[in-house]
Structures are given as C-alpha cells and as structure tokens.
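Here's the structure we're looking at; comments come further down.
The values are calculated or read from the model by the stated rules, or taken from the named source; none is laboratory data. No experiment lies behind these values; they were computed from the predicted model shown. Note that we place each Cβ from the backbone using ideal geometry, even for glycine, and neighbour counts take in every protein chain shown. For accessibility, only protein heavy atoms count, side chains too; no ligands or nucleic acids. Shrake-Rupley method; radii C 1.70, N 1.55, O 1.52, S 1.80 Å.
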Amino acid sequence: MRIYKYIYYFFYIKSSKKNAVPEIPVYTMLSFIQTSNLITITNIIMLITRLNINYDVRKIALVAPILLYFLNYYFFTKKGNGGIIIKDETYSLGKYSFLLDVFGFGSFPLAVLTYYFYREF
C-alpha cells in the first residue's frame, strides 16, 4: 500500500501546479491503477489455483474505478491522510519519480496480459 502513497504524493505535487483542485486527477489516476492491479492480482491467483471462474472483466473495469475513487477520497481526504502524506517529504522520489509513471502506465498492459493468459490456459 505504500506505493499508492508515493503515487498520491507524486501526482498531487504534479497536479497542484496546474489545477485549483489537485485531488480530482490524483484520485482518478489512483483508481485506474488500483483497478488494473486488482484485475492483475485476480488473474494471477486464478492462474495459480487453476480456478475456472468466468468473470466479466468489463464490469470490473467499469465499476471498480468508481468505487475505488470514493474509497481513495475517503482515505486521503476525509481521514486526513492526504495532508499528512503531502507534508512528509520522504515520499518524494526525486529523480526516480519516473518509476511511478512506468508503474502506472505498465499496470494496464500487465492486466491485459494476465487476463489473456488466464483465458488461454
């Protein structure tokens, strides 16, 4: 879960330079990354255990980002964890912050790849 705090910090700082309300793009990015990770983990577990449950990935891809958006809003805004994270500069990765972009943009192809392997095997 620590990776999501790094992602929150990085995208919040990046978004605060351009937006009056920087939380909205941050929660959107977080929810899509978390959805991709949820689908990837589900596919890997089903591959390892050889479960043959036919689930509709499209429904998960439509419903999960909305639910995760509100969960992120609750966790980071309502509970006040977002302010704590922004004040803590240890979440800054400096020149290695490009790894968060790689993780974010790589999570979607990984979800697609694991879903392909799950359906084929």
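Results, tabulated for the structure shown:
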read-out: Positive-end residue of Thr114, Val57, Pro22, charge dipole of the chain with Cβ unit charges; value: Pro22
read-out: Distant-in-sequence amide H partners of Leu93 (H built 1.01 Å from N, under 5 Å); value: none
read-out: Kyte-Doolittle mean at least 1.0 and Cα axial length at least 30 Å: DSSP H helices in the chain; value: 23-49
read-out: Electrostatic dipole magnitude of the chain [Cβ: Lys, Arg +1; Asp, Glu -1; Cα centre; debye, to 20]; value: 160
read-out: Which of Phe10, Phe121 is most accessible, then next, and so on - probe 1.4 Å; value: Phe121, Phe10
read-out: Top positive-direction residue, dipole computed over the chain with Cβ charges, set Gly83, Ile66, Ile44; value: Gly83
read-out: Accessible area in square angstrom per residue, region 1-120, 1.4 angstrom probe; value: 66
read-out: Qualifying trypsin sites (Lys or Arg not before Pro) in region 1-103, DSSP loop, other Cβ atoms within 10 Å at most 14; value: Lys17, Lys18, Arg50, Lys79
read-out: Of all accessible heavy-atom area on region 22-121, the percent that carbon and sulfur account for (1.4 Å); value: 70
read-out: Separation of the Met1 and Thr90 label points, Cα + 7 Å toward Cβ, nm; value: 1.6
